[in-house]
Amino acid sequence: MSKFLSGISRKSEIKSENDNIDVSKKNLIITGGNGCGKTTLLNDIYNKLSTHLIQRNHQPKNQIENNINFFLSQKENAVKGSHEYHQANDQIRYYQAELERVWGGIQLEFEDINNLSLLLSEGKGIIAFFRADRQALIQAATGANKIISTDESNYLSISNQNLGSTFEQHLANLKTRQSFAKTHDNNLTLFNSIENWFSELEKNIAYLMEDNTFELKFNPDEFKFFLTQEGKKPYTFQTLSSGYSSIFNIISDLIMKTEAFKISPSELQGIVMIDEIDAHLHVSLQRKILPFLTKTYPSIQFIVTTHSPFVIGSLEDSIIYDLSSKQHFKDLSSYSYETIIEGLLGVPVVSVSLEKDIKRLSLLINEENYDIAAIDEIVQKLLPYRDKLDDESAIFLIKGMNLLKCKARGDK
């Protein structure tokens, strides 16, 4: 199935060079320095999509222009200062503002906007925006309750709202239905179907948790789900770490959309925007999150922002756009993260390496029992770059050097 968005263009308010992004109906990764406007760009894209595809309360461009011309004529023929003159002037201002709101600003090029509009109305497509400060707000289940009522009249509103808060309630409802299928209806087909659904969910969460021992366990007495991992205390959807809370804000909503529309993840189409997709994620998960989403939802066009070289290099057949330099890149998955850091993000690889060493040194010199050999190794590595260190890093280096001197003198 084809992706819908093929191009994005926008006049730059800061630089003379405009943004002209050739999306080529692919997933888009937007990067760039702090303050270059990545979040603003995503907001502009979402607002334009929402105006044209969700709200749908606007007039065609030529009709608005005709209205402006009509009231310009009315104004010219009216006596200045008269009621008719001011009324025409108000209408001109209104339609000029409407022309800018609907048809001005950022411009989006589509492969087939009418088809996307139809999919949204039929419960087969979504437009979604996950903001940088997202956190999962999954509410605890409260018994077997119906949570989503869907028909053609509310498909469009559902496509644009986050349903993730009802995720655990939906899981509890499925467990209840599965139990009735076996004990009351003797419907083994339904029982096995729900069992397979949970197995797939558990497998996906285990992949994201990077733990094959992960299990999703349901306690029927508490009507609650527990996430279990070997060597860890069981926890709940309400006590997720910040990184996994950020992820579950996304996947719980996407799962609930497919459940509400009664379609498979591979059938769900549309455009999903994620600001700072790497937020709160450790490195290995930064590599995994975007490939996981695009594999699970292959018909969704993802537009994400990131600072992470691991995200930038994680996806094949994608477009990378550097908002700072206005440059396009195609498929950086075959490049090392060091190359991406230095070549695209403009950060010397040595600075990344030094930062890791300094952090390790700061930990070593604060331990009760010093590992002198490890401290000496890092100090020798940092010494050639002493003049390039910031004040805080230089202090750690000096402390490390002093410890080595004390050790050499035999001081305790």
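Q55 fails exactly one of the following numbered conditions: (1) without any contact (Cβ under 8 Å) to a residue 12 or more places away in the chain; (2) touching a helix residue (DSSP H, G or I) at 6+ places or on another chain (Cβ under 6 Å). What is the number of that condition?
For Q55, the failing item is (2).
Can you confirm whether region 145-152 contains a residue that is β-branched (V, I, T), in contact (Cβ under 8 Å) with a residue 40 or more places away in the chain and not in a helix (DSSP H, G or I)? Lay out the reasoning, then the answer.
Step one: of region 145-152, the residues β-branched (V, I, T) are 147-148, 150.
Now narrow it down to the ones that are in contact (Cβ under 8 Å) with a residue 40 or more places away in the chain: 148, 150.
Add one more test, that the residue is not in a helix (DSSP H, G or I), and what stays is 148, 150.
Yes, region 145-152 contains at least one residue that is β-branched (V, I, T), in contact (Cβ under 8 Å) with a residue 40 or more places away in the chain and not in a helix (DSSP H, G or I).
Can you tell me which condition E168 does not meet? The list is (1) out of contact with any Lys or Arg (no Cβ under 8 Å at 6 or more places or on another chain); (2) at pLDDT 90 or above; (3) among the acidic types (D, E), and all the others hold.
(1)
What are the pairs, 6+ residues apart or on separate chains, where a residue within region 365-386 that is within 12 Å of K399 (Cβ to Cβ) has its Cβ under 8 Å from a residue that is modelled with pLDDT of 85 or more and in a loop (DSSP other than H, G, I, E, B)?
Within 8 Å, the pairs are I375/I365.
Looking only at region 110-126, which residues are of a type in the set (A, V, I, L, M, F, W, C), surrounded by fewer than 16 Cβ atoms within 10 Å (Cβ to Cβ) and either without any contact (Cβ under 8 Å) to a residue 24 or more places away in the chain or part of a strand (DSSP E or B) (or both)?
Filtering region 110-126 down to residues of a type in the set (A, V, I, L, M, F, W, C) leaves 110, 113, 116, 118-120, 126.
Now narrow it down to the ones that are surrounded by fewer than 16 Cβ atoms within 10 Å (Cβ to Cβ): 113, 118.
Matches in region 110-126: L118 only.
Looking at I277, I250, I289, I263, can you tell me which residue is more than 18 Å from the chain's Cα centre (by Cα) and not aromatic (F, W, Y)? First the steps, then the outcome.
Details: I277 fails: more than 18 Å from the chain's Cα centre (by Cα); I250 fails: more than 18 Å from the chain's Cα centre (by Cα); I289 fails: more than 18 Å from the chain's Cα centre (by Cα).
When all the criteria are applied, what remains is I263.
Out of N196, N187, N204, report the one residue that is more than 24 Å from the chain's Cα centre (by Cα) and modelled with pLDDT of 95 or more.
Numbers: N187 fails: modelled with pLDDT of 95 or more; N204 fails: more than 24 Å from the chain's Cα centre (by Cα).
The conditions single out N196.
Do any residues in region 1-27 that are more than 20 Å from G104 (Cα to Cα) have Cβ atoms under 8 Å from those of residues that are aromatic (F, W, Y) and at pLDDT 95 or above, where the two are at least six apart or on different chains, and which pairs are they?
From residues that are more than 20 Å from G104 (Cα to Cα), the pairs are N27/F302.
So is Q135 in a loop (DSSP other than H, G, I, E, B) and either assigned by TED's automatic domain parsing to the domain that holds F225 or out of contact with any strand residue (DSSP E or B) (no Cβ under 8 Å at 6 or more places or on another chain) (or both) or not?
Numbers: in a loop (DSSP other than H, G, I, E, B): yes; either assigned by TED's automatic domain parsing to the domain that holds F225 or out of contact with any strand residue (DSSP E or B) (no Cβ under 8 Å at 6 or more places or on another chain) (or both): yes.
For Q135, the condition - in a loop (DSSP other than H, G, I, E, B) and either assigned by TED's automatic domain parsing to the domain that holds F225 or out of contact with any strand residue (DSSP E or B) (no Cβ under 8 Å at 6 or more places or on another chain) (or both) - is met.
Spot the failing condition for S353; the list is (1) at pLDDT 75 or above; (2) more than 30 Å from E111 (Cβ to Cβ); (3) polar (S, T, N, Q); (4) not in a loop (DSSP other than H, G, I, E, B), and only one is missed.
(1)
The values are calculated or read from the model by the stated rules, or taken from the named source; none is laboratory data. Note that the structure is predicted; figures quoted are calculated from it, not measured. Backbone-built Cβ (ideal geometry, glycine too); neighbour counts: all protein chains shown.
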